Structure formats: structure tokens, C-alpha cells
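Reading through the C-alpha cells given below for one structure.
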Amino acid sequence: MKESKKNFLLFILFAVSAILRLYKWNSYGLCYDESMWLNRLFLPKRNFLELFTNTIYIAKPPFFRFLLYLWKFLAKDEFTLRLLPFTFGILSILLTYKLGKILFDEKIAFIATFLLTISPFHIYYSQELTHYTLTLFLVLCSVYYFLFGLEQNRLPIWIKFIFFTILSLYTSYISVFLVIFENIFFFLLYKKHKALLKRWLIVQLIILLLYSPWLILLPKQFKVISLYPTYFTWIPKGSLLHILQTLRIFSIGYNANFLITLFTSLIFYSFLILAIYHGFKNAPYKTNFLILWLFLPMILSILFSNIVSTFTYRNFFISLPAFLILIAYGISKIKRINYIIMLLFFIMFLSGLALFNYYQNIYPYPSDFYRPGVHPKRESREAAYYIINNLKDGDVVFHTCPGTASPFIYYLLISGQKEKLYNWPKYLLSEKNNKEFVPWSYGLVIENIEELSKFIKDENRRIWLVLSFWEPNFLKEHPFSEPNKIKRFMDRQFILKGYKEFTGIKVYLYEIPDKF
């Protein structure tokens, strides 16, 4: 392929990538996960070191928050804040092209890049202000220099490998599985890598030493998890069915209906099998590498779940390029280029249908098995500002779901009106350790009527109730759930003064009668 033609195709792919990832990405306010990364960054008083070490309370290492801390000096709103994961998403597409090229050839690299460009799964996390695209970018860099290090064994390459590997470890715990995968691959093919053994062991020792400061905090991380086990019960332990579901998510994302899923799965699973069959015959070294990269993190996660459950589909975002490079290798076995183009257009059509559902906030399948931890988007920004713009001194605001409470804290912080909220969670401002295990939602999220009565004081005259749940249909389908009981109790005890409905959220304003 001529250089000019190759550059033009890459330009088209990156342009399409940008359009798909920028489209409607600011239509909804922050979700729970996004706001949990941000809230402490906008507190008026904070200890700089504690700002990063306290990410253990959201079960994450600190590097993404550190980047957010720097980025927020340039980013002034959600749109510009979300440019951070968008940027790493685009860079990960470029690195997937480079990896496909060094593993196989330019044809396979272009097919894999095309598949990642239109991937609903990749688009989803490129639009979300979380650490997943950063993790993927760093993992791809680590893998890239790992392969070059094995081939060339030059010190500058190993230094880059150490740099990106350690950053990935400080970004996501799942990167530990990356280190294990790279070591297993190295020793499985020990005869081929025997001459590199001494340098490899030194490299691993350096990585361990550089990661040891965070390892010291891991006991505290496990203590937090043990104190609040209900925060993590939604995470599956993993099984063979979950592995198959992960591959389905890799293929078509969270938003495809049954028919789209059926066609896409048939195509992707077929070409995955074809790639493995031909790979073991013609390119066993590269095929073993990609298969380990794809499946080992999932297998390790299932084994590790005996200690802490980690099997969420988004955790294996780091293996998405391995999956798509294998699919591209399988597709490349089609002899006629016209058939390959037709197939890619059909895959693009299926991805387009899934993306249409995503942009319309449609999730056809229930959450428990098909998308644990992933929920339809809410108008959290609009609901928060409706309350903030009408907030009076001494008002209390109660949420029935943490998914609305955490974004509300963020919008209240940046509005500069947090002093008006009577039940502002003041411990968030504390730099002391005596309250380190108090849930951030204490006094803001109520789970039952007893908690509601506990947090209403004599000086309160108005109560805002933000009625919501993780899944929008839950409250309709479960009329006797605790949030609905709270709503009926407030209707009986207080005077309804206002009501407004938003996507996924209902906001009620009550006045407390004098006799209460």
C-alpha cells in the first residue's frame, strides 16, 4: 500500500473515531463513577497527598486522579473534562494499529483498527470520565515495548516498558493481571527468551520496588472492602458464561438487542475460532501471545474472586485489542478483498444499530448478568441544578440512590452554594483519619424510613427528596421497595410544595408542618 493511501485511510479512521466518540457525549450529566473521581478535587480544603491516597475508598489506585488534578486547571466543564478519556481512547486506536502491524501485517492492522473505531464498547468508555481508556492506553504501551524488548533487548526499550507498566499498575488493579500475563508468556517460551532471563528478572524487581509504596496501602484497601461488603456484592465472581458474555460485550457493547447480538456473535465467534485454528498452524508465537492476553485476565479474575470479586466486563477492557486483532487475523483469511469489505460494512451496520440504541440511552437487557455496574444515563446535572437554584439555607436534600447523590455533591461544589445545604456531609472536608471509614453518603443517601427520621432536625423546614434507583424501571416494578416506602411516608407526613421529573430522576420538595 502506498504511503499516501495508508495515511489517508488512517486519517479517515481517526476522523470517524473522533466523531463517534464526541457525538452526544455531553447530553447527560456526570454519572456516579465519574463524580466519585472528581468530588474530592473540588473541595476547598484538602491535603495534597491524602487527595490521591484516599482513592482506596473507591477501590482504585491514584494515577487517574492525579491526571484529573492537573487536567482540571485546563478543563472548566464536563465537556472539556471528558476530553481526557477521549484523548486516551483515540491514542489507544493508534497503538492497536501499531501492534497489529508488528504482530502480523498492515492489512490485519487496518482491519483491527477499523473494528476498534466502530466498537460500541470502546466508544462507551471513551465518552465516560473514568480511568478505563487511560488503563488501556498504558497497557498497550506496556505490551508494545514488551514485544520490542523481547525482540531487540535494548535498555531504552526496557526502561519504557517499566515506565508504562508501573503507570498502568498505579491506574488500575487489573493491570496486575497484565504483569502476570507477561511473565507467564515469557516463561512459557523460556527456550526462546532464555538469553533475556537476567534482564527480565531485574526489570520485574524494579517494577515491584516502584509499586511497593502502593502495596503498603493494600491492607487498608481490603479493610475498606470488608467494612462495606454491600458496595461490592453486585460484582460477579465470574464463570465460563461470564467469559462468553465478555466476548459478546467486546463484539457489540451493552446496547444491542437480541438480533443484533445474534448476528454479531456468530460473526465474531466464528472468526475468533478461525483465527485460533490458523494461528496455531502458521503463527503459534503470536497467537499464543494474543490468546493469553485475551483470556488470562478473565481466568485470573475468576480465581481471585475467592478473595475479592473483580469480574466486571469493563475490567477486561485491557484485552479488547487482543480480541479484535485475532478477529482481524481471522477475517484476513478470506481470500477476496471484496468479500472482506462487504463483511466489514455489515459489521459496521450492526455496530451502527447498537450505537443508535446507545445514543438513545436504550439498554435492551437487564443489568445483573448482561451489564453489572452499567446503567442507563440520568439527567443528574439538570436535576442537581434544579435543586441548587431553588435551595434555601437550612434545606435538607435526601437521595434514595447513591447514583444521584455523588453527582449532586459535585454540582453543589462547583456552584459554590454548599453552605446552603444543612445535611452537607462535612466529614468530606476532614483531613483526619478518625472518620476515614464513614461512608461518603452518610446523611445524604437514605435507605429506609428510620434513617429519614434520624437526619431531620428541628431547624429544618424544607426537605428535597431525589427519588431514583440504579435501574429506571426498578421503582415501577417494585412498588414496596424502600425508596417507594420513603416516598409514601413523606407524602403522609409532609406538605408537597413542588415536583419535577427528569430522565431517571424524580425530585420532590416538601415543607415540614409545625406540628411535626
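Nothing in this text is a laboratory measurement; each read-out follows from the coordinates by a stated rule. Worth saying up front: this structure is predicted, and the values here are computed from it rather than measured. A quick note on method: Cβ atoms are made from the backbone with ideal geometry, for glycine too, and the neighbour counts reach across all protein chains shown.
The long axis of helix 218-227 is offset from the longest Cα principal axis of the chain by roughly 50 degrees.
Highest mean packing first, where packing is the average number of other Cβ atoms within 10 Å per residue, the peptides 239-249, 377-387 line up as 377-387, 239-249. Straight-line cross-link reach from K194 at under 28 Å between alpha-carbon atoms covers these lysines, not counting any fewer than eight positions away in the same chain: K98, K101, K160, K281, K286.
Counting Lys and Arg as +1 and Asp and Glu as -1, what is the net charge of the other residues whose Cβ lies under 14 Å from the Cβ of I166? Display every interim value, and only then the final one.
Values: positive: K160; negative: E182.
Result for the local shell: 0.
Sorted fewest first by neighbouring Cβ atoms within 10 angstrom, K160, K237, K194 come out as K194, K237, K160. Have a look at the DSSP beta bridges in the chain and tell me what percent are antiparallel, nearest 5. If I count the DSSP bridges inside the chain, around 70 percent turn out antiparallel.
For the peptides 116-122, 260-266, the ranking by packing is 116-122, 260-266, with the highest mean count of neighbouring Cβ atoms within 10 Å listed first.
The length gained by stretching the chain between L70 and F455 to full extension, at 0.36 nm per residue less their Cα-Cα distance, is 134.9 nm.
Cross-link partners of K497 among aspartates and glutamates, defined as those whose alpha carbon lies under 20 angstrom from its own and excluding same-chain residues fewer than eight positions apart: E382, D393, D395, D458, E459, E511, D514.
Quick one: order I463, I302 by neighbouring beta-carbon count within 10 Å, fewest to most. Let's see the in-between values first.
Numbers: I463 23, I302 19.
With the sparsest Cβ surroundings first, the list reads I302, I463.
Roughly speaking, what is the centre-to-centre gap between segment 253-314 and segment 68-143 when only Cα atoms are used, to the nearest Å? With segment 253-314 and segment 68-143 each reduced to a Cα centre, they are spaced 19 Å.
Could you order the peptides 102-108, 498-504 from most to least packed, using the average number of other C-beta atoms within 10 Å per residue?
102-108, 498-504
Please compute the length gained on full extension between F79 and E3, using 0.36 nm multiplied by the number of residues separating them and subtracting their Cα-Cα distance. Before the final figure, lay out the partial values.
Working: separation 76, 0.36 × 76 = 27.36 nm, distance 3.51 nm.
Full extension from F79 to E3 adds 23.9 nm.
Normalised by the number of residues in segment 34-370, the average gap of Cα pairs under 8 Å and 6 or more apart makes the relative contact order 21 percent. Checking the a/c ratio against 1.5 first, then a/b against b/c, what shape does the Cα gyration tensor give for segment 127-196? Taking the square roots of the gyration eigenvalues as a ≥ b ≥ c, segment 127-196 is prolate.
Pairs of Cα atoms nearer than 8 Å and 6+ residues apart set the relative contact order; for segment 347-414 it is 27 percent.
With a ≥ b ≥ c the root eigenvalues of the C-alpha gyration tensor of segment 32-170, is it rounded (a/c under 1.5), prolate (a/b larger than b/c) or oblate?
On the way: a/c = 2.89, a/b = 1.56, b/c = 1.85.
It is oblate, given that a/c is not under 1.5 and a/b is not larger than b/c.
Taking K and R as +1 and D and E as -1, what net charge do the other residues with C-beta under 13 Å from the C-beta of N389 add up to? Let's see the in-between values first.
Working: positive: R381, K392, K420, K500; negative: E382, D395.
Neighbour charge sum, excluding N389 itself: +2.
Checking the a/c ratio against 1.5 first, then a/b against b/c, what shape does the Cα gyration tensor give for segment 207-313? The shape class here is oblate. Once the C-beta distance of E501 and I19 is scaled by a Förster radius of 35 Å, the resulting FRET efficiency is 0.65 to the nearest 0.05. By how many degrees, between 0 and 90 and to the nearest 10, does the Cα long axis of helix 106-117 differ from the longest principal axis of the chain? Tilt of helix 106-117: around 10 degrees. Between F280 and S481, the distance separating the two model label sites (each 7 Å from Cα on the Cα→Cβ line) works out to 4.6 nm.
For F323, what charge total do you get from the other residues with a beta carbon under 15 Å from its beta carbon, if Lys and Arg give +1 and Asp and Glu give -1? Walk me through the intermediate numbers first.
Numbers: positive: R248, K286, R314; negative: none.
So the surrounding residues net to +3.
Computed from Cα atoms, the angle from the helix 258-282 axis to the main principal axis of the chain rounds to 30 degrees.
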